[in-house]
1. Under 5 Å between amide H atoms, partner at least 5 residues away or on a different chain: which partners does Val128 have, H built in plane at 1.01 Å?
2. DSSP loop GluC sites (Glu not before Pro) in region 38-116 with at most 14 other Cβ atoms within 10 Å of their Cβ, which ones?
3. Where is the GNM fluctuation largest for the chain (alpha-carbon springs, 10 angstrom cutoff): Thr246, Thr207, Thr108?
4. Express the relative contact order of the chain as a whole percentage, based on alpha carbon pairs under 8 Å and six or more residues apart in sequence.
5. Let me have the relative contact order for region 125-208, percent, based on Cα pairs under 8 Å that are six or more residues apart.
6. Identify, among Gly203, Gly131, Val94, the residue whose Cα sits farthest towards the positive end of the charge dipole of the chain, taking +1 on the Cβ of Lys and Arg and -1 on the Cβ of Asp and Glu, with the dipole about the Cα centre.
7. How much accessible area per residue does region 67-224 have, in Å², with a 1.4 Å probe?
8. Helix-only estimate, please: 222 nm mean residue ellipticity of the chain, summing -39500 (n - 2.57) across DSSP H runs of length 4 or more and dividing by its residues, to the nearest 500.
Amino acid sequence: MTVVRTPLVVGNWKMNGSFEANRLLLESLLGLLAQKRLPEVGVCPPFPYLPQVGALLAETPVGWGAQTVSEHRVGAYTGQVSASMLKDLGCRYVIVGHSERRQFCGETDETVASQALTTLDSGLMPIVCVGESAEEEAAGKTLAIIDRQLAPVLLALAGVADEGASVVVAYEPVWAIGTGKTPTPEGVQAVHAHIRQALLQAGLVQTRILYGGSVKASNAETLFALPDVDGGLIGGAALNAVEFSTICTAAANRLV
Ligand code: 13P
């Protein structure tokens with residue numbers, strides 16, 4: 001099988017939006033992206049807006065998905081949303097294990113692995129987030145933390161038929177999220193190369209690795225030029241159509 005990793009840019013809207021704001025943002029974004037050479041692009045709004053966003057993006061090159069999912073398939077889990085429900089809605093992506101979910105909602109490495117598996121089993125693409133905290137980074141533990149976070153995910157996904165094309169990993173250093181700080185390009189590449197090795201060892205040769213954490217129009221080109229950065233997971237800048245569209249076109253430079 002030839003290895004083709006189409007660059008991917010996904011906007012994580014987090015807990016932002018309204019019917020009006022979503023419509024304005026997407027209309028403006030679609031206008032800016034029209035006629036451009038594009039990577040794969042997606043947006044992940046809060047659950048209540050998935051049908052609206054799905055309708056606005058129907059027949060467009062922009063996909064959409066959810067920000068989390070239940071680790072369970074069905075049953076007495078009040079307030080939770082299953083992967084099959086997201087599939088029913090027409091989602092393409094599900095972000096799992098975002099650091100804000102790990103921090104505020106008690107998600108563990110094991111629940112994240114179960115979420116990734118149920119997502120994949122439902123025919124959706126999990127975007128599995130990993131990344132170290134500021135303290136862990138200062139203690140030189142970055143790679144060890146990432147290995148720990150990835151291990152149960154790789155175990156759960158062992159034997160994925162498409163060699164990992166339907167799985168995405170996002171490296172998001174917690175200290176870079178929403179802070180305006182990013183690791184050096186060399187630092188980003190070193191972590192991505194480490195993740196790539198782990199994926200290759202697990203047979204996931206097609207899996208894309210996104211970088212997330214203070215990606216902006218001004219630094220996207222540098223980050224996306226790194227050999228093992230296959231695109232970005234974008235927070236704040238995804239809420240601004242001009243910023244996000246510029247980030248998307250920067251990733252298109254990786255198209256072969
Ligand atoms: P920022 O781009 O706002 O730093 O957020 C990154 C992020 O958490 C995306 O999931």
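The values are calculated or read from the model by the stated rules, or taken from the named source; none is laboratory data. Note that the structure is predicted; figures quoted are calculated from it, not measured. Using ideal geometry, Cβ is built from the backbone for each residue, glycine included, and neighbour counts are taken over all protein chains shown. When the accessible area is computed, the model is the full protein with side chains, heavy atoms only, and any ligands, DNA or RNA have been set aside. Shrake-Rupley method; radii C 1.70, N 1.55, O 1.52, S 1.80 Å.
1. Val96, Val168, Val169, Ala170
2. Details: sites: Glu40, Glu59, Glu71, Glu100, Glu107, Glu110; in loops: Glu59, Glu71, Glu107.
Passing both the DSSP loop test and the Cβ count: Glu59.
3. Thr108
4. Numbers: 501 pairs, mean separation 59.4, N = 256.
Result for the chain is 23 percent.
5. Numbers: 87 pairs, mean separation 35.6, N = 84.
Relative contact order of region 125-208: 42 percent.
6. So the residue we want is Val94.
7. Numbers: 6720 Å² over 158 residues.
For region 67-224, the solvent-accessible area averages 43 Å² per residue.
8. The helix-only estimate for the chain comes to -12500 deg cm²/dmol at 222 nm.
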